[in-house]
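> Take a look at the following structure, please.
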Amino acid sequence: MVVVELDELLALMVLMVYESRWVYPEIQAYFSQTGNLTGQQLSTRARVFLQDAQVELLGDQAEQDALDAALLDIELAYGLADMPIYRREYACAESSLMDLDRLGVQLAARNIDRFAAVSALFAPIQCLTHIEMDQLDRRGAAINYFSESTRQHSQVLTYSSLLIFVMGLVFWWLHERQLRRADRATQETFEVDAARHARPAHWDRQSQRFAPRCVGEAAPNTWADTGRYRLF
């Protein structure tokens, strides 16, 4: 039973140390947008598509192919940037979406040249960059707040677990000491009982019971006229 309790306490301490040591890097890895495409925010991905459209328009491929590739990138960017929160929080979002919609119509109708299309993309890219930077600032503030809260929680959890561990050791020590005292008292009781039963006894006629008597102990003679004592 004691071994099981100690194992549980040790497992609890290992769990607390793991949370205190590795939770914060896991939080940063979860909120980080580097290293994968799906981890990037929508404004970042929309900006990348618009920059890809500029690259397609300034490339060496045929004009028809360049316009088609740029139109596809612009439509993808529009879908990512057309978010209610962007329209509500950022003043430039509405006008940038209108510019992208107008540019897409012109590219589909083939009534705009490459350089004019590239120039028309600068304003939406600038707006998306502004949105991206603001979102990164908000994300950083949220990460810092969440990390600080998690760190404080981990500290409290670690100190509480350490206190529980120490208290468990103290209770285990008290339990072991009580068991030793109980064993010692039981052993002493057995020794006293064994010593008591090992002593000889004689019949006490006055009290009508056996009374313990050591070897050689004198007892009064039952014959009152002799005036002497005899030994059993």
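Any read-out appearing in this document is the output of simple, stated calculations on the displayed coordinates, not a laboratory observation. This one's a predicted model, so the numbers in the text were calculated from it and none came from an experiment. As a convention, Cβ positions derive from the backbone with ideal geometry for all residues, glycine included, and neighbour counts pool all protein chains shown.
> Taking the Cα centre of segment 92-172 as origin and charging only Cβ (+1 Lys, Arg; -1 Asp, Glu), how large is the dipole, in debye to the nearest 20?
Working: 6 positive and 8 negative charges, 42 e Å.
It works out to roughly 200 debye.
> Can you pull the one-decimal nm distance between simple spin-label points at residue 195 and residue 138, each 7 Å off the Cα toward Cβ?
According to this spin-label approximation, the distance is 8.6 nm.
> Return 47, 181 ranked ascending by Cβ neighbour count within 10 Å, so the fewest neighbours appear first. The partial results should precede the final answer.
Numbers: 47 23, 181 10.
Least to most surrounded, the residues fall as 181, 47.
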